[in-house]
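Student: Pasting a structure below so you can have a look.
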Amino acid sequence: MSQILRPDQVRERFGPMFCSGFFTMVDEAAGTARIVEVCGAKGPKEWDIVNRRRTGGIIRDIYDEGNMLVMDTVIGDADLRFGAASSDLGAQGVYSLKVEGDKVRTRWKGMAGASVGVGACIPQCADVIETVYGDDAKIGGGNTVDVEIVTPKLIRAIIGIDDTDTCEKGATWVTGLKMAMECPYGRFLEHKIIQLNPKAPNKTTNCCSTSVSFAVSEADLPKLVDFAVEYVRKATVADDTVVTVFTGLTIPKALQDWSWSAKSILYTVDDARKVAAENGVRIIEVTGPKGSVGAVAAIGCTDMGLRAAGVPEDFE
């Protein structure tokens, strides 16, 4: 008979642990998901990354991002290469992810010390709804645990912003970061400064736009967008401020290519509108249209790492 425990009940049963964040974003149209774990120490995170990668399962990529362990997965089921840690096997992994209404169910296995991570550490995180344990579940020692962890269904939303400042006042990256930190909807994930074409004739000085991304429920997405637009509207000191919106875990290649080329090509507002319409980007003119190029490019450059902050010559 299975046992279902809330995070507070897990903490009471196994004692306090270290996970301070655990949430799952899904892109059902693409059949993919992203699981993010906020870790309290570097050692467990590194060990988990190596073992989960070796174990396979539904994981397609796993990496270290600041204090977060990020897993890109498929939606569905996949076998694990599971066992006592070796060059071939991993002692911890995730083998199933299912979306049910507004919830996501993931299935995990952990052995010995790794059983503590998936059996006691993650399940007591406040982000978790509940964890389902099998009969007489034991963790630590030589035990193996198999659990189902239930979390809210979230999606990724990216907000692009451009043209909020003048030569006398303001900074778009500051407006974007303040907005993200003050937003009461969703979970703020990442802030990016996007270097655009330095030769643009109408630039302020450095010619940068910005993007911020969130993990948010579908129900709260309209509230998040409204908050972002109104925040930018009040903060801007420019006449051509634009906000853009994109949802999904994978930015289309055509949009990424266009956004990368915006660092060296002088595109028009009509060019930005066309590529936005073709790639699922919503353009919201806050005070005018001219910020559209930078705000669309901010979306397309969000997942480019350091390339987002540079120009092509920096990476030749």
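The values are calculated or read from the model by the stated rules, or taken from the named source; none is laboratory data. Quick caveat, the model's predicted, so the values are computed rather than measured. Don't worry about glycine lacking a Cβ; one is built from the backbone with ideal geometry, like all the others, and counts go over all protein chains shown. Protein only, heavy atoms only, side chains kept; ligands, DNA and RNA dropped before computing areas. Shrake-Rupley method; radii C 1.70, N 1.55, O 1.52, S 1.80 Å.
Student: As I understand it, the value is the acute angle between the Cα axis of helix 269-278 and the longest principal axis of the Cα atoms of the chain; what does it come to in degrees, rounded to 10?
Tutor: 30 degrees
Student: What is the extension gain from E46 to S87, computed as 0.36 nm multiplied by their sequence separation minus the C-alpha to C-alpha distance, in nm to one decimal?
Tutor: Values: separation 41, 0.36 × 41 = 14.76 nm, distance 1.57 nm.
Separation in residues times 0.36 nm, less the Cα-Cα distance, equals 13.2 nm.
Student: Write down the accessible area per residue of the chain in Å², having rolled a 1.4 Å probe over the full set of protein chains.
Tutor: Details: 14240 Å² over 316 residues.
I get 45 Å² per residue for this part.
Student: Further, regarding this structure: Report, in listed order, any pair from K234/K274; K103/K263; K45/K178 with a Cα-Cα distance greater than 31 Å.
Tutor: Working: K234/K274 28 Å; K103/K263 40 Å; K45/K178 29 Å.
Over 31 Å Cα-Cα: K103/K263.
Student: Please name which of V212, G294, S86 has its Cα lying farthest along the dipole of the chain towards the positive end, using unit charges on Cβ (Lys, Arg +1; Asp, Glu -1) and the Cα centre as origin.
Tutor: Towards the positive end, the residue furthest out is S86.
Student: What whole number of Å gives the distance from the Cα centroid of the range 1-62 to the Cα centroid of the range 127-175?
Tutor: Measuring centre to centre over Cα atoms gives 10 Å.
Student: Give the share of C-alpha pairs in each 5 angstrom bin for the range 77-145, from 0 to the last occupied bin, in whole percents, shortest bins first.
Tutor: 4, 17, 24, 25, 18, 9, 3, 1
Student: Can you tell me which of E168, E190, E100 moves the most in a GNM of the chain? Springs connect C-alpha atoms under 10 Å apart.
Tutor: Comparing E168, E190, E100 in a Gaussian network model of the chain, the most mobile one is E168.
Student: For F315 and D146, FRET efficiency with R0 = 45 Å and r from the beta-carbon atoms, rounded to 0.05?
Tutor: It comes out at approximately 0.50.
Student: Also, quick follow-up: Helix 42-55 sits at what angle to the longest principal axis of the chain, using alpha carbons and giving 0 to 90 degrees rounded to 10?
Tutor: 80 degrees
Student: Quick one: which of 135-143, 288-296, 41-49, 66-74 comes out on top by average Cβ neighbours within 10 Å, and what's the full order, highest first? Don't skip to the end; give the middle numbers.
Tutor: Working: 135-143: 13.2, 288-296: 26.1, 41-49: 15.6, 66-74: 17.3.
My ranking of the peptides, most packed first, is 288-296, 66-74, 41-49, 135-143.
Student: Once you have a ≥ b ≥ c as the square roots of the Cα gyration tensor eigenvalues for the range 42-157, tell me rounded if a/c is under 1.5, and otherwise prolate or oblate according to whether a/b is larger than b/c.
Tutor: Working: a/c = 1.44, a/b = 1.17, b/c = 1.23.
Rounded shape, in that the Cα axes give a/c under 1.5.
Student: Still on this model: Can you tell me what the convex hull of the Cα atoms of the range 108-231 projects to on average, as an area in nm²?
Tutor: Working: hull surface 41.7 nm².
Dividing the Cα hull surface by four gives the mean projection, 10.4 nm².
Student: Let me ask something else. Relative contact order of the range 5-85, please, whole-number percent, based on alpha carbon pairs below 8 angstrom and at least 6 residues apart. Walk me through the numbers before you get to the answer.
Tutor: Working: 120 pairs, mean separation 20.9, N = 81.
This gives 26 percent for the range 5-85.
Student: How far, in nm, would the chain grow between V74 and V237 when pulled straight, counting 0.36 nm per residue and subtracting the alpha carbon separation?
Tutor: Separation in residues times 0.36 nm, less the Cα-Cα distance, equals 54.3 nm.
Student: With charges only on Cβ, +1 for K and R and -1 for D and E, what is the dipole size of the range 32-104 about its Cα centre, in debye, rounded to 20?
Tutor: Details: 10 positive and 12 negative charges, 21 e Å.
Here the range 32-104 has a charge dipole of around 100 debye.
Student: Further question on the same structure: Percentage of Cα-Cα pair distances in the range 207-279 greater than 19 Å, rounded to whole percent?
Tutor: Details: 1227 of 2628 pairs.
Here the long-distance tail beyond 19 Å is 47 percent of all Cα pairs in the range 207-279.
Student: Averaged across orientations, what area in nm² does the convex hull of the alpha carbons in the chain project? Can you show the working numbers first?
Tutor: Values: hull surface 69.1 nm².
One quarter of the hull surface, i.e. the mean projection, equals 17.3 nm².
Student: Also, quick follow-up: Please report, in debye to the nearest 20, how large the charge dipole of the chain is about its Cα centre when each Lys and Arg carries +1 at its beta carbon and each Asp and Glu carries -1 there.
Tutor: Values: 35 positive and 43 negative charges, 63 e Å.
So the dipole magnitude of the chain works out to roughly 300 debye.
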